[in-house]
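Novice: Got a structure here, written out as structure tokens. Questions coming.
The values are calculated or read from the model by the stated rules, or taken from the named source; none is laboratory data. These numbers come from a predicted model, not from an experiment. Note that each Cβ is placed from the backbone with ideal geometry, even for glycine, and that neighbours are counted across all protein chains shown. Calculation scope for accessible area: heavy atoms of the full protein, side chains included, ligands and nucleic acids excluded. Shrake-Rupley method; radii C 1.70, N 1.55, O 1.52, S 1.80 Å.
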Amino acid sequence: MIDFLAQALERDPDSVAADDGRESWTYGELDARSREVADRLRALGAEPGRLCVVTGAPSLDLVATLHGAFRTGACVAPLPPDLTRPERIRALSELRPELVVGGAGWAEREAGPVPEGTSTPPRSDVPSAAAALWTSGTSGSPRAVLVSEDGLRASAAAARDRLGLGPDDRWYASLAPAHVGGLALLTRAALLGSTLVVRGAFSVHTLIDLAERGDVTHASLVPTMLLRLLDRWGDRPPPASMRCLLLGGARTPPALVRRATGHGWPIALSYGLTEATSQVATATPSEVAMDAETLGRPLRGVAVRIADSGEILVRGPTVSPGTLDGAPLADADGWLATGDLGELDGAGRLRVTGRRTDRIMTGGVTVDAHEVADVLRTHPGVADVHVFGRPDPTWGEAVVALVAVGENREPDPDTLREWLRPRLSGPKRPKAIAVVDHLPRNPNGKIDRTAARALLDPEK
């Protein structure tokens with residue numbers, strides 16, 4: 001049995017654990033409701049060694065359901081509520097859960113989780129872990145990454161120390177628990193005794209309303225959420241009640257960071273990944289105000305080093321014990337290879353410089369996809385960019401770009417090529433540019449690389 005509520009109950013059972021704008025539950029009430037859920041789930045077969053899928057947008061019932069599922073000892077697998085039918089079928093066929101549970105606390109036993117007549121028995125030998133997170137497969141096949149109870153507890157304690165978190169915080173639950181940041185927020189709030197403000201799926205209108213009324217002090221956002229907030233908020237200073245916007249999930253363009261901090265928003269930049277239970281390094285708002293690209297020092301208990309290849313390696317109690325199918329993610333010495341490239345400055349602060357897969361070898365020249373994307377983002381008509389290398393018979397790889405320009409669909413590709421001519425040398429200028437309304441992103445806010453590549457016509 002895993003109990004993330006015990007500390008808050010001992011500290012103050014009458015403090016508010018969560019509210020949805022219509023009602024609020026104290027930690028004592030959440031405890032009672034989650035115990036009821038746990039009893040129902042146990043009767044349906046939830047127990048250690050089994051997998052329990054939970055799906056739903058952030059709500060009071062979802063919070064109680066997740067804590068109830070943890071208390072059964074089963075491994076909890078949160079799934080995004082907006083999966084398409086084929087995505088849901090694939091996830092359930094790989095996960096093979098004992099139960100599929102909705103956020104309202106109901107459960108259905110599915111002897112064969114896969115429709116269409118496929119008989120897939122539930123797993124009976126699930127490794128001991130708090131959760132299994134179904135990753136989105138941005139550049140490869142999805143997989144279920146195990147998250148340990150110790151990892152979630154260590155992550156909460158380290159984030160508390162770095163950002164000065166505590167029982168007085170009111171967090172907007174902007175990320176679903178299927179996102180490692182959303183799961184870490186739910187367990188961290190319970191461990192620290194803070195309040196979750198739940199309003200369903202993320203809405204910039206909801207965040208603005210909560211901020212204007214002083215109902216939230218903190219929010220976890222991905223860069224696209226911050227961009228929407230700034231566009232709708234305008235040049236007004238942020239409310240005094242807002243103490244921190246924690247940015248993660250994907251690389252935040254420095255220009256976007258400077259825009260936010262220039263208007264006074266308290267931005268904390270974080271580097272993390274599912275395989276390390278969310279945050280690895282985090283820069284505080286005061287650090288970000290001075291340097292829009294720093295990700296700060298590694299959190300307490302987490303070690304970071306840069307391999308000879310430039311890849312970021314991570315070790316510590318938050319590193320995942322492996323995948324649901326038993327594959328290890330770290331090497332024999334406990335180091336997790338992240339796939340990201342970075343550097344540490346003299347003070348031990350981390351900066352991410354790209355991904356190994358973002359290095360494009362074109363005509364014998366190495367091109368950094370991030371550099372090209374950052375230049376494109378400075379065009380006033382460009383909202384977002386994804387740059388990558390595509391196999392090419394002449395160049396080996398050709399630099400290509402997917403550009404989001406919004407509803408007006410301006411500028412066009414030819415205009416962008418001319419605009420880039422004095423700003424990037426020949427090898428760095430994209431050989432192909434496609435203009436779209438929005439870049440395809442997964443629930444974590446990261447580019448869905450497979451979908452992005454499909455949007456670029458290989459013949460152009």
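Novice: Give me the 1.4 Å probe accessible area per residue for the chain, excluding ligands and nucleic acids, in Å².
Specialist: On the way: 19310 Å² over 460 residues.
For the chain, the solvent-accessible area averages 42 Å² per residue.
Novice: Turning to a different aspect of this structure: May I ask you to evaluate 6.51 cos²θ - 1.76 cosθ + 1.60, the Karplus curve with θ = phi - 60°, for each residue of the stretch 124-135 and list the ³J(HN,Hα) values in order in whole Hz, giving x for glycine and proline?
Specialist: 10, 10, 5, x, 6, 6, 6, 8, 10, 9, 7, 6
Novice: Okay, moving on. If you take the square roots of the eigenvalues of the alpha-carbon gyration tensor of the chain and sort them as a ≥ b ≥ c, do you get rounded (a/c under 1.5), prolate (a/b over b/c) or oblate?
Specialist: Judged from the Cα gyration tensor, the chain comes out prolate (a/c at least 1.5, a/b above b/c).
Novice: Taking amide hydrogens as modeled 1.01 Å from N in the peptide plane, which residues meet the under 5 Å criterion relative to residue 354, leaving out close sequence neighbours?
Specialist: 341
Novice: Still on this structure, I have one more. Once both labels are modelled 7 Å past Cα along the beta-carbon direction, what's the residue 124-residue 455 spacing in nm?
Specialist: 4.7
Novice: If you don't mind, there's one more thing I want to ask. Any chance you could run the full-extension gain for residue 47 through residue 412? It's 0.36 nm times the residue separation minus the Cα-Cα distance, nm to one decimal. List each step's numbers first, then the result.
Specialist: Details: separation 365, 0.36 × 365 = 131.40 nm, distance 5.64 nm.
This chain segment gains 125.8 nm when fully extended.
Novice: Further question on the same structure: Using a Förster distance of 22 angstrom, determine the FRET efficiency expected from the C-beta separation of residue 286 and residue 371, and round it to 0.05. Mind dumping the intermediate values first?
Specialist: On the way: r = 28 Å, r/R0 = 1.27.
After rounding, the FRET efficiency stands at 0.20.
Novice: With charges set only on the Cβ (+1 for Lys and Arg, -1 for Asp and Glu), what does the dipole of the chain come to about its Cα centre, in debye to the nearest 20?
Specialist: Dipole about the Cα centre, nearest 20: 660 debye.
Novice: Over the heavy atoms of residue 306, what accessible area does a 1.4 Å probe trace out, to the nearest 10 Å²?
Specialist: Here the accessible area works out near 50 Å².
Novice: What distance in nm separates the simple spin-label points at residue 201 and residue 434, each placed 7 Å from Cα in the Cβ direction?
Specialist: 2.3
Novice: At a Förster distance of 30 Å, what's the computed FRET efficiency of residue 344 paired with residue 85, Cβ-Cβ distance as r, to 0.05?
Specialist: E between residue 344 and residue 85, to the nearest 0.05, is 0.10.
Novice: Sticking with this structure for a sec: Run the numbers for residue 3 and residue 325: contour at 0.36 nm per residue of separation, minus the present Cα-Cα distance, in nm.
Specialist: 113.4 nm
Novice: Full extension from residue 421 to residue 39: what is 0.36 nm times the residue separation minus their Cα-Cα distance, to one decimal in nm?
Specialist: 131.0 nm
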